[in-house]
Amino acid sequence: MLNSSFQLFTRRVRSDWYFQYKALRMAVDWIIAIYFVIPLIIVAGYQYYSWWVKQPDWFSWITPMVVAVVFYLFTWLGTIRYFVEEGDQLFLRQNQTWFHHLMVLGYRYSLVLQGLTTLLLILVFLPLLMQSYAYSVTQVIAFWLLTYVLKLNFGLMRQLLALRFYGIVLWLLRIVIFAGAFFMYQFIVKEADHALYNWVAILLLVVLFVFLTRARLQEKGTFFADIARERDARMRIVSLMLIRVLEKKRKPTRKYPLFFARSQRLFKGKGAGNGLADLLTKSFYRSGTQWKQTLQFVVVLSGAMFALPGAIKIIVWIIAACLLVFWRKSFCKDELRAPFLTLFPIQDTDKHQALQTAIPVLVLPAIVLISLFAGISFFTWWGPLLMIGAAIPLAYGTSSVFTSWY
């Protein structure tokens, strides 16, 4: 018998931790723990100790901007949980005092958990920060606070945006916030020697956090969104293990697709190869999931271009093109295994031709955008022109190499 909302909260936290433990037990049994996990922890601990004793040469390759990118991506992960469940609609919501207190306790639990995970990441990078970058204890604390408070603001901000906006508008707002906040964050990290910048930024983020907290906890009509978010957070480990098993429910489709609504032919010529290339291209550009993942990939790579030195930019640019080709090739091969295509006597040579025709077209938009920002990062007038001009042969060249086999 539960006598208080605090007892209900603690029971749900224990239930969540036990569920995560059982999920891990599914993937890590005692054999894996003895022969892999425990030796890995011992080796990692010894390696971490050796970094304090003597810094390896490759530490010099990790610039403060690379560290800023890693920590910034970390701030974008995670969420604020409130531990509400579907059954609360029947009973608990009738008792507003209990229900509100449960949400507040879940909110405070999330604050503590986010602080501990941020501290853990700081500890991982501590030898680099203090030994190589000569950070003082005060600078490390300021760096931790800056990352921690920014992470909390992002968690609340994403929830409020998701409650008010939908679809492409929501994703565009997220991209704008992600890109704009990154430049401010990396500037503050770059100016770590100026303590005033750090503490002013932390103070402003704390003020923003208080405002967002009040707005989020007073928001009405969030019950079902909170349930969905809680379900995703609870299933985070299980979903990673079953990522290729679970089938998501199909969303309702538009009456007419946004791209290629008239179903016009995209590639000249006849034959099964060109027809399949049309199918693959239209299928890719009509997929919201592919658009979302491509935009995320482009934003991350474009931001990294401003943090990397000149020679590394070109290497990353080429690697990005190769990754895009492999990504598009994997997508196309999955599409070609669709059940309805097995009804037709399509030869492997036709499928291979379709890959060689479609993949450069699928790679080109993303690599052009990455090339544009790479050129801008050189801060010259000819940089964008040169990089965009080189993007076209790069897209076709890498596609030709990696589609030379089916």
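The values are calculated or read from the model by the stated rules, or taken from the named source; none is laboratory data. Since the structure is predicted, the reported quantities are computational estimates derived from the model, not experimental observations. FYI the Cβ positions are ideal-geometry reconstructions off the backbone, even for glycines, and counts take in every protein chain you see. Side chains included, ligands, DNA and RNA excluded: accessible areas come from the protein's heavy atoms. Shrake-Rupley method; radii C 1.70, N 1.55, O 1.52, S 1.80 Å.
What is the log10 of I(q)/I(0) for segment 257-406, computed with the Debye formula using one identical point scatterer on each Cα and no solvent, at q = 0.10, 0.12, 0.15 Å⁻¹?
Normalising to I(0) and taking log10 leaves -0.38, -0.53, -0.79.
Near Lys329, which aspartates and glutamates are there with a Cα under 18 Å away, not counting those fewer than 8 places off in the same chain?
Answer for Lys329, where 18 Å is the Cα cut-off: Asp278, Asp348, Asp350, listed by chain and number.
DSSP loop (so not H, G, I, E, B), at most 16 other Cβ within 10 Å: list which trypsin sites (Lys or Arg not before Pro) in segment 161-221 pass both filters.
Qualifying residues, ordered by number: Lys220.
Trypsin sites (Lys or Arg not before Pro), restricted to segment 23-126: which are DSSP loop and have at most 15 other Cβ atoms within 10 Å?
Lys54
Sorted by average packing, counted as other Cβ atoms within 10 angstrom per residue and highest first, what order do 327-336, 57-66 take?
327-336, 57-66
Can you compute the helix-only [θ] at 222 nm over the chain? Use -39500 (n - 2.57) per DSSP H run of at least 4 residues, normalise by all residues, nearest 500 deg cm²/dmol.
That comes out to -24500 deg cm²/dmol.
What ranking do 359-372, 310-323 get when scored by the average of other Cβ atoms within 10 Å per residue, highest first?
My ranking of the peptides, most packed first, is 359-372, 310-323.
Going by Cα centres, segment 126-182 and segment 294-340 are how many Å apart?
Cα centres, segment 126-182 to segment 294-340: 24 Å.
What whole-number value in Å² describes the accessible area per residue of the chain for a 1.4 Å probe?
On a per-residue basis, 60 Å².
So what J values fall out for segment 71-84 if you push phi through Karplus, 6.51 cos²θ - 1.76 cosθ + 1.60 with θ = phi - 60°, rounded to Hz, Gly and Pro as x?
5, 5, 4, 5, 4, 7, 8, x, 8, 9, 9, 10, 6, 9
Is the C-alpha gyration tensor of segment 293-340 telling us rounded, prolate or oblate? Criteria: a/c under 1.5 is rounded; beyond that, a/b larger than b/c is prolate, otherwise oblate.
oblate
Could you work out the percent of alpha carbon pairs in the chain separated by over 34 Å, rounded to a whole number?
47
Give me the Kirkwood hydrodynamic radius of segment 269-316 in Å, from all C-alpha pairs, to one decimal place?
The Cα-based Kirkwood calculation yields 13.2 Å.
Please state the equivalent ellipsoid semi-axes for segment 78-175: what are the square roots of 5 times the Cα gyration tensor eigenvalues, largest first, in whole Å?
34, 19, 9
What net charge do the residues around Glu85 carry, taking every other residue with its C-beta under 10 Å from that of Glu85, with Lys and Arg at +1 and Asp and Glu at -1?
With Lys, Arg at +1 and Asp, Glu at -1, the net is -1.
Pull out the extension gain between Ile38 and Gln55, defined as 0.36 nm times the separation in residues minus the alpha carbon to alpha carbon distance; nm, one decimal.
Stretched fully, the Ile38-Gln55 segment lengthens by 3.7 nm.
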